[in-house]
1. Based solely on its DSSP helices, what 222 nm [θ] is calculated for the chain when runs of n ≥ 4 H residues each add -39,500 (n - 2.57) and the sum is averaged over all residues, nearest 500 deg cm²/dmol?
2. In degrees, nearest 10, range 0 to 90: what is the angle between the Cα axis of helix 6-31 and the longest Cα principal axis of the chain?
3. Any idea what angle helix 33-59 forms with the longest principal axis of the chain, computed on alpha-carbon atoms, 0 to 90 degrees, nearest 10?
4. With N set to the residue count of the chain, report its C-alpha Rg divided by 2.2 N^0.38 Å to two decimal places.
5. Just need the relative contact order of the chain here, percent rounded to a whole number, with Cα pairs under 8 Å and 6+ apart.
6. What is the percent carbon and sulfur in the accessible area of the chain, measuring with a 1.4 Å probe over the protein chains and ignoring ligands?
7. Using a 1.4 Å probe, what is the accessible area per residue for the chain, in Å²?
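The values are calculated or read from the model by the stated rules, or taken from the named source; none is laboratory data. Values in this document were obtained by computation on a predicted structure and should not be read as measured data. Ligands, DNA and RNA are excluded from the accessible area calculation, which covers all protein heavy atoms including side chains. Shrake-Rupley method; radii C 1.70, N 1.55, O 1.52, S 1.80 Å.
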Amino acid sequence: MTYGFEIINLREVVISTTLGSLGGVALVSQYKLIGAALMVLLMTIIGFSQFISPILAYFH
């Protein structure tokens, strides 16, 4: 059973790839290694935030 989470996975990949590409270029070119570390943290937060709301709604 998939519970309809495929659309969430697709949305997460599209948004994370887009923001990761644009934000990564900007942060790494400006802040080098610190920018790369910040981008990893931001990508994790962005991915988590896209999954938590539908999961909470499913179990509510």
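1. Values: 2 runs with 53 residues, N = 60.
It comes out at -31500 deg cm²/dmol, rounded to the nearest 500.
2. In the chain, helix 6-31 runs at an angle near 10 degrees to the longest axis.
3. 10 degrees
4. Dividing the Cα radius of gyration by 2.2 N^0.38 Å gives 1.35.
5. With pairs under 8 Å counted, the relative contact order is 32 percent.
6. Carbon and sulfur together cover 77 percent of it.
7. So the chain comes to 77 Å² accessible per residue, rounded to a whole number.
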